[in-house]
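J.: Have a look at the structure that comes next, please.
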Amino acid sequence: MLKGSNPRDYLLWVLGINNGLRTMDLVRLKVEDIQYLKAGESTRIIETKTGKDNTLVINKTVKDALDFYLRETRPRPDDYLFPSRKQGGFITSKSVGRLVRSWADTINVRGHFGAHTLRKTWGYHQRVYFGTPVEVLTKRFKHSSPSTTMVYLGIESQEVHDVLMHEIGG
């Protein structure tokens with residue numbers, strides 16, 4: 001996904017892979033919910049699926065994407081960040097899934113992609129590239145156990161293999 005893309009799509013991609021929130025929670029955001037937040041600030045959201053409190057954080061990448069979106073689209077404060085073609089609504093998770101699959105096709109990446117891909121991408125990168133402990137990811141995802149998070153991220157088998165490759169003695 002490149003910054004030269006549709007500003008709405010770019011913001012969705014950046015918010016998704018930088019926060020690990022469910023798509024259904026991202027698409028319900030209104031401009032006024034985040035337009036004045038600075039990098040390093042956050043806002044409280046209530047998860048649609050669970051009814052639990054969660055946090056959306058504005059890091060520098062998200063702030064840059066948000067500023068680009070606001071500059072290019074000039075939405076009203078009460079507009080949804082990700083409006084649907086239907087008057088006053090927001091795009092659906094199904095629509096997000098189609099967008100994610102089209103982004104993958106554009107860059108010739110094969111696999112099974114959908115609306116949850118953004119959330120899973122965040123978790124995978126946190127675990128593999130930043131070494132974030134599974135317990136922290138479990139808390140962020142609001143999963144019931146670390147084993148659920150490991151299955152969710154699809155990295156359990158590779159990590160077991162890697163551990164078995166450690167040589168002891170000899």
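The values are calculated or read from the model by the stated rules, or taken from the named source; none is laboratory data. All of these numbers come straight from a predicted model, not from anything done at the bench. Don't worry about glycine lacking a Cβ; one is built from the backbone with ideal geometry, like all the others, and counts go over all protein chains shown.
J.: Restricting to segment 134-154, and then to whatever is within 18 Å of the chain's Cα centre (by Cα) and part of a loop (DSSP other than H, G, I, E, B), can you tell me which residue is farthest from LYS52 (Cα to Cα)?
T.: Selected residue: GLY154.
J.: Criterion first (of a type outside the set (D, E, K, R) and either under 18 Å from the mean Cα position of the chain (by Cα) or assigned to a helix (DSSP H, G or I) (or both)) does SER157 satisfy it?
T.: Values: of a type outside the set (D, E, K, R): yes; either under 18 Å from the mean Cα position of the chain (by Cα) or assigned to a helix (DSSP H, G or I) (or both): yes.
Judged against the criteria, SER157 is a match.
J.: Only one residue in VAL96, VAL134 is within 21 Å of LEU56 (Cβ to Cβ) and surrounded by 14 or more Cβ atoms within 10 Å (Cβ to Cβ), so which one is that? Can you show your working first?
T.: Numbers: VAL134 fails: within 21 Å of LEU56 (Cβ to Cβ).
Only one candidate passes the filter, namely VAL96.
J.: Here is a follow-up. I'm trying to understand the selection: among the residues of segment 43-76, which are over 15 Å from the mean Cα position of the chain (by Cα) and of a type in the set (Gly, Ala, Ser)?
T.: GLY51 - this is the single residue of segment 43-76 that is over 15 Å from the mean Cα position of the chain (by Cα) and of a type in the set (Gly, Ala, Ser).
J.: So, in segment 142-163, of the ones that are loosely packed, with under 11 Cβ neighbours inside 10 Å and among the hydroxyl-bearing types (Ser, Thr, Tyr), which residue ends up farthest from HIS125 (Cα to Cα)?
T.: Going through the qualifying residues, I end up with SER144.
J.: Consider only pairs whose beta carbons are under 7 Å apart and that are at least six residues apart or on different chains; among these, list those whose first residue lies in segment 131-148 and is of a type in the set (Asp, Glu) and whose second residue is at pLDDT 90 or above.
T.: Correct list of pairs: GLU135/PRO146.
J.: Spot the failing condition for THR106; the list is (1) closer than 16 Å to VAL27 by Cβ; (2) of a type in the set (S, T, N, Q); (3) modelled with pLDDT under 90, and only one is missed.
T.: (1)
J.: Being touching a helix residue (DSSP H, G or I) at 6+ places or on another chain (Cβ under 6 Å) and closer than 20 Å to LYS120 by Cα is the filter here; which residues of segment 23-44 pass it?
T.: THR23, MET24, LEU26
J.: If I filter segment 160-170 down to residues being aliphatic (A, V, I, L, M) and assigned to a loop (DSSP other than H, G, I, E, B), which single residue comes out as farthest from ILE17 (Cα to Cα)? Let's see the steps before the verdict.
T.: Step one: of segment 160-170, the residues aliphatic (A, V, I, L, M) are 160, 163-165, 168.
If we keep only those that are assigned to a loop (DSSP other than H, G, I, E, B) as well, we get 165, 168.
Details: MET165: 31, ILE168: 38 Å.
Applying the filter and picking the extreme gives ILE168.
J.: Something else: List, please: which pairs have Cβ atoms under 7 Å, are six or more places apart or on different chains, and start with a residue in segment 8-21 that is small (Gly, Ala, Ser) and end with one that is buried (at least 22 other Cβ atoms within 10 Å of the Cβ) and outside any helix (DSSP H, G or I)?
T.: That search, which allows pairs on different chains as well, returns nothing.
J.: Within the bounds of segment 52-74, is there any residue that is modelled with pLDDT under 95 and in contact with a Leu (Cβ under 7 Å, 6 or more places away or on another chain)?
T.: Among the residues of segment 52-74, at least one is modelled with pLDDT under 95 and in contact with a Leu (Cβ under 7 Å, 6 or more places away or on another chain), which makes the answer yes.
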